[in-house]
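So the structure is just underneath, and the comments pick up after that.
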Amino acid sequence: QVQVVESGGGLVQAGGSLGLSCTAPDSTTVSFVMAWFRQAPGKDREFVAATSWNGGSTYYADSVKGRFTISRVNSKNTFYLRMNSLKHEETAVYYCATKLTPILTTASDYHHWGQGTQVTVSA
């Protein structure tokens, strides 16, 4: 069972920045992709960003392009999501997920999830 662990999150004012980290176990390999999703109360889980294992390929939801950056932290199995210019409506629980390549944007395609971390953006 692949387990991923998120960290980061918290409270930030609209227009501010926040970073989230996701660590996957050593058993994951270059055949995996890592993605971030988010889910606001009463809404479906939506795709935010994803990267190939080596960070060479990234993909973003249109709503976050130019503001969010997903990256791999050195050679460790840790990935980072930098979120800039956050909006109040982006308040949600953010989840890290991993799957075998290729990158897909539908939550049901991902089989290994973290517990989620709350991001609250005050208006």
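The values are calculated or read from the model by the stated rules, or taken from the named source; none is laboratory data. In this text, all values refer to a predicted model and were calculated from it rather than measured experimentally. All accessible areas refer to the heavy atoms of the entire protein, side chains included, with ligands and DNA or RNA removed. Shrake-Rupley method; radii C 1.70, N 1.55, O 1.52, S 1.80 Å.
General observations
- Using the 1.4 Å probe convention, the accessible area of region 1-84 works out to 52 Å² per residue with neighbouring protein chains retained.
- As a fraction of the 1.4 Å probe accessible area of region 12-115, surface on carbon and sulfur atoms comes out at 47 percent.
- Taking amide H as placed 1.01 Å from N in the peptide plane, the amide H of residue 87 sits under 5 Å from that of 15, each at least 5 places away or on another chain.
- Applied to region 94-109, the Karplus parametrisation 6.51 cos²θ - 1.76 cosθ + 1.60 on θ = phi - 60° returns per-residue 3J(HN,Hα) values of 9, 10, 9, 9, 9, 7, 5, 3, x, 5, 10, 10, 9, 4, 5, 7 Hz, with x for Gly and Pro.
- Fraction of the pair-distance distribution of the chain above 18 Å, Cα-Cα pairs, percent: 45
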